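Worksheet: the structure to be examined is printed underneath.
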């Protein structure tokens, strides 16, 4: 039989075990923190009816959708069966979920969802066709206090503090403030405001000169003075809470929309402080716009101070109505998303991922085949104490067994030979510290636990 | 705008939050136990090249495959782009993974994988088109000791002990023993042996009379005597390890294949004991055949003693060569799978799932808006101590706040009013015990931790 080459399609990130463990640890940290803030687990199916997924989306998104059909019992598409597609984000499925289960949910509904999404992207370095999104959203029924906008940065802070990938800054803005300011400059048409927003969003990529010239130029026709004002506005950054509040006041009076945006932003900034986020970790950044049209108030981006080239590692904002395409209920919300697959890939690229240790804590070596029952009994004890333990079931040279442990990232290797048995001790080799010690058999669990807890506490 | 009805396709299990939490707890238990035995995390992409996925499978499976295509940048199928499909199990992706990454893996390679698989099943109660499989496999390079066949039941025991869904029995058989016994009855053709195996597999569903008559009848033409012998063989069950070994010996001498199967089974049964699995939890069951052709030695099924109608909740076995379609390397292995979506659904049906408690431990109520910073500070303290805490950010009547907690399955509700503040205490309402107590503010974390740890220990 001719062999089929074993391969995956481009645009997926398949990891070797030690990398997968590092990835899984990040997923666990995110989930633990989402749960600590009272967000509830939701999972939705990967396959949905295409008409349900695509109600709101336009051409660009639709071009990237994966459609699904079964050749089996379901019949082929085009034979009267509804079209199916893979989810391309977690927001549309959330909207569908909330609309479908509205009567069974308590509001404000706080949910987290950490699943993969699928996009038929052109294959390209750093672009993924399958990737994890880790989302939280709070959805209100009819209304939702702006206080929830202040809770989100507290969650972001908590997640990235524990992920320990270096100092970071949560950057905030408010779309009402932006649109109100544009209005004060005579840009009153909502459509044109959106176009200006999108232009401003290019600031980081294209630079100030490019954006200023575009706004002043023929396409927008705003003139040099207004373009300069917009540029000055979007270049506002704060260095502390007090500085942020001062800079917001210094913008001067404006139309109602602008005042509302400023009030919201001031309340949110103040409350973030009460939520315990240190001032060093959040800032005003009036250039943050977020591309998506549906954000209406607070918007967030988060950047690593020492790795600005990575861009935003966690973004989101406030939206007016989650599920207008499915229900007449008015469901305002606020949320964020961490695109973990891409983030992991970037962090690994930047050397910020530690893939040195396995989930396996201990390898029990096999010195003497006849003693296998003793090795198995020892392993059972360790496992019952919560210590992940592998036993070498097929012997071989001890050196080879040590090499296996080393390569597999297993930290502790246990030797239980004749000598040890006679003295009721075990020999423990700590591969991380390149150290070796003997411990009384009855003390083994306690000793290993102390070491493992210390290691866990140190990340 | 006309509303699109919010709905999911049939054959998917979408859960409300408290159900999802119960499901997630099961996933966590399974993962924790897999990791304790030294299995390593692997995830593979849901979408694979169709030619890679479908090398081995025949008509029936192929009819249930979901094919995938993008209308976007990838181009439509039939325009020279390779066909894509969704994985329909985790075994084929494992084979592809091991063949693709062989040089980067250490053998024996122990991996677990817990992901969803997709099958275009006809919509029917209890049949799922998207469902979780939770698999472990040990893959050897060139050879793999039968000792690994004894480790698998130890993992099964550990998982289902902690899942605490009632007493269960891991049932074992060996395909070589079966085939060798058939051989001793004159059924020497491998093809016919397989047909007899498949017939025997129907024993539970169709009953002994049906299977005996079929084997004796025209289709098989084995005659009444041989059919009776086969029936007697497959009805062998053991009540203890000693009984199992005795019943294996009582089968009498047979051809080489049979002796090899018996030797393997005896070694496995004895070692399971050494792995610490109580005799009450495993048994010989010579009717276990497993439908799939690729099992070649030990086979397992696991049943709930008090719910036999649920059928096998965890099955698997030993196979000769994992990835012959992708590589010339000889890769024998042994593994099992838990179909968690279906199991959860059946357990819920049988009233065996407890969905009473949330992942949220504590709700901090809002007595007085002006004290919000104090509530937030308290919540931060609790979260830093690992206690999942939600704060009511939009006030309202206290009764309504309690009702919210009750409906959401949150156990502890904290009241921090003027009185409490003055006395430096908090009032804690324990909704599970319908109890209420006051505690000194500085003792709150310790008190809650004790209660939560007790509850966790009791499952």
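Things worth noting here:
- Mean Cα-pair separation over length for segment B:164-283, i.e. relative contact order, pairs under 8 Å, 6 or more apart, %: 44 percent
- Shape of segment B:345-415, Cα gyration tensor, a/c cut at 1.5: oblate
- Label-to-label distance, nm, for residues given as residue B:385 and residue A:236 (7 Å Cα→Cβ offset): 4.1 nm
- Label point 7 Å beyond Cα along the C-beta direction, distances from residue B:308 to other copies (nm, shortest first): 7.2
- Alpha carbon Rg of segment A:283-413, scaled by the compact-globule rule 2.2 N^0.38 Å: 1.81
- Helix B:256-274 vs. chain B, principal-axis angle (Cα, 0 to 90°, nearest 10): 30 degrees
- Förster radius 51 Å - calculated FRET efficiency between residue B:443 and residue B:263, Cβ distance, rounded to 0.05: 0.25
- Comparing segment A:361-459 with the 2.2 N^0.38 Å rule of thumb, its C-alpha radius of gyration ratio is 1.00 (two decimals).
- Linear extension gain, residue A:127 paired with residue A:377, 0.36 nm per residue minus alpha-carbon span: 85.2 nm
- Helix-derived mean residue ellipticity, 222 nm - over chain A, DSSP H n ≥ 4, -39500 (n - 2.57), to 500: -12000 deg cm²/dmol
- Using the Cβ-Cβ distance between residue B:436 and residue A:320 with R0 set to 41 Å, the FRET efficiency works out to roughly 0.55.
- Residues of segment A:344-383 with amide N under 18 Å of a point placed 7 Å along Cα→Cβ from residue A:19: A:344-359
- Evaluated at q = 0.17, 0.27, 0.29, 0.31 Å⁻¹, the base-10 log of the normalised Debye intensity for segment A:278-321, with identical point scatterers placed on the Cα atoms, takes the values -0.53, -1.07, -1.15, -1.22.
- Relative contact order (%) - segment A:349-459, alpha-carbon pairs under 8 angstrom, separation at least six: 25 percent
- Chain B, rotation onto A, residue closest to that axis via Cβ, with its distance in Å: B:68, 3
- Percentage, to the nearest whole number, of Cα pairs in segment A:134-269 over 23 Å apart: 44 percent
- Crossing angle, helix B:223-234 versus chain B [Cα axis fit, 0-90 degrees, rounded to tens]: 40 degrees
- Nearest 10 degrees, 0 to 90: helix B:444-457 Cα axis against chain B principal axis: 20 degrees
- When only alpha carbons are used to place a centre, segment B:299-337 and segment A:125-174 end up 41 Å from one another.
- Mean separation of Cα contacts under 8 Å, 6 or more apart, over the residue count of chain B: relative contact order %: 16 percent
- Rounded D (µm²/s) - the protein assembly as shown, Kirkwood Rh over Cα pairs, Stokes-Einstein at 10 °C, 1.306 mPa s: 52 µm²/s
- Inter-site label distance for residue B:208 and residue B:279 at 7 Å from Cα along Cβ, in nm: 2.5 nm
- Cα-based shape type of segment A:197-269, given that a ≥ b ≥ c are square roots of the gyration tensor eigenvalues and the cut on a/c is 1.5: prolate
- Extension gain, residue B:418-residue B:198: 0.36 nm per intervening residue step, less the Cα-Cα distance, totals 71.9 nm.
- Under the shape rule built on the C-alpha gyration tensor, where the axes satisfy a ≥ b ≥ c, segment B:171-224 is oblate, since a/c reaches at least 1.5 while a/b does not exceed b/c.
- Virtual paramagnetic centre 7 Å along Cα→Cβ of residue B:106, amide N under 15 Å, in segment B:29-57: B:37-41
- Above 41 Å, the calculated P(r) of chain B contains 34 percent of its Cα-Cα pairs.
- For segment A:406-459, the convex hull drawn through the C-alpha positions has a volume of 75 cubic angstrom per residue.
Each reported figure results from applying straightforward, stated rules to the coordinates on display, with no laboratory input. Note that the coordinates shown come from a computational prediction; the quantities given were computed from them, not determined experimentally. Please note: Cβ atoms are built from the backbone with ideal geometry, for glycine as well, and neighbour counts cover all protein chains shown.
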